[in-house]
Amino acid sequence: MDKIPRKLSESVLFALKHASVVFVNGPRQAGKSTMVQMHAETDYPAEYPNP
C-alpha cells in the first residue's frame with residue numbers, strides 16, 4: 001500500500017536537525033504515527049517503540 005506524502009514531513013525533518021525531540025500533534029487518523037515511523041526507518045534513523 002502506498003503512503004500519502006504529508007506536508008508536515010519537511011517541517012518535522014527540519015526541526016529534528018535543531019532539536020532531539022519533536023512533538024507531532026493532530027487529529028486522530030491523520031497519519032501522524034505512520035509519518036513518524038516512515039522517517040524513523042529511512043530519513044532519520046531512530047528506534048520507534050512498537051506496542
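For K17, which aspartates and glutamates qualify as cross-link partners when the Cα separation must be under 12 Å and same-chain residues fewer than eight apart are set aside?
D43
Counting only protein heavy atoms and a 1.4 Å probe, tell me what percentage of the chain's accessible area is made up of carbon and sulfur.
Numbers: 2630 of 4750 Å².
Of the solvent-accessible surface of the chain, carbon and sulfur hold 55 percent.
How much accessible area per residue does the chain have, counting only protein heavy atoms and a probe of 1.4 Å, in square angstrom?
Here the per-residue accessible area is 93 Å².
Specify which labelled value, from (i) 102; (ii) 50; (iii) 69, agrees with volume of the Cα convex hull per residue in Å³ derived from the coordinates of the model shown.
(i)
I need the peptides 4-17, 21-34 ranked by packing, meaning the mean over residues of other C-beta atoms within 10 angstrom, with the highest value on top.
Working: 4-17: 12.3, 21-34: 10.7.
By packing density, highest mean first, the sequence is 4-17, 21-34.
The values are calculated or read from the model by the stated rules, or taken from the named source; none is laboratory data. What you see is a predicted model, and the numbers here were worked out from it, not measured in a lab. When we count neighbours, we look across all protein chains shown, and the Cβ atoms used for this are built from the backbone with ideal geometry, even at glycine. Keep in mind that these areas ignore ligands, DNA and RNA; they rest on the heavy atoms of the full protein, side chains included. Shrake-Rupley method; radii C 1.70, N 1.55, O 1.52, S 1.80 Å.
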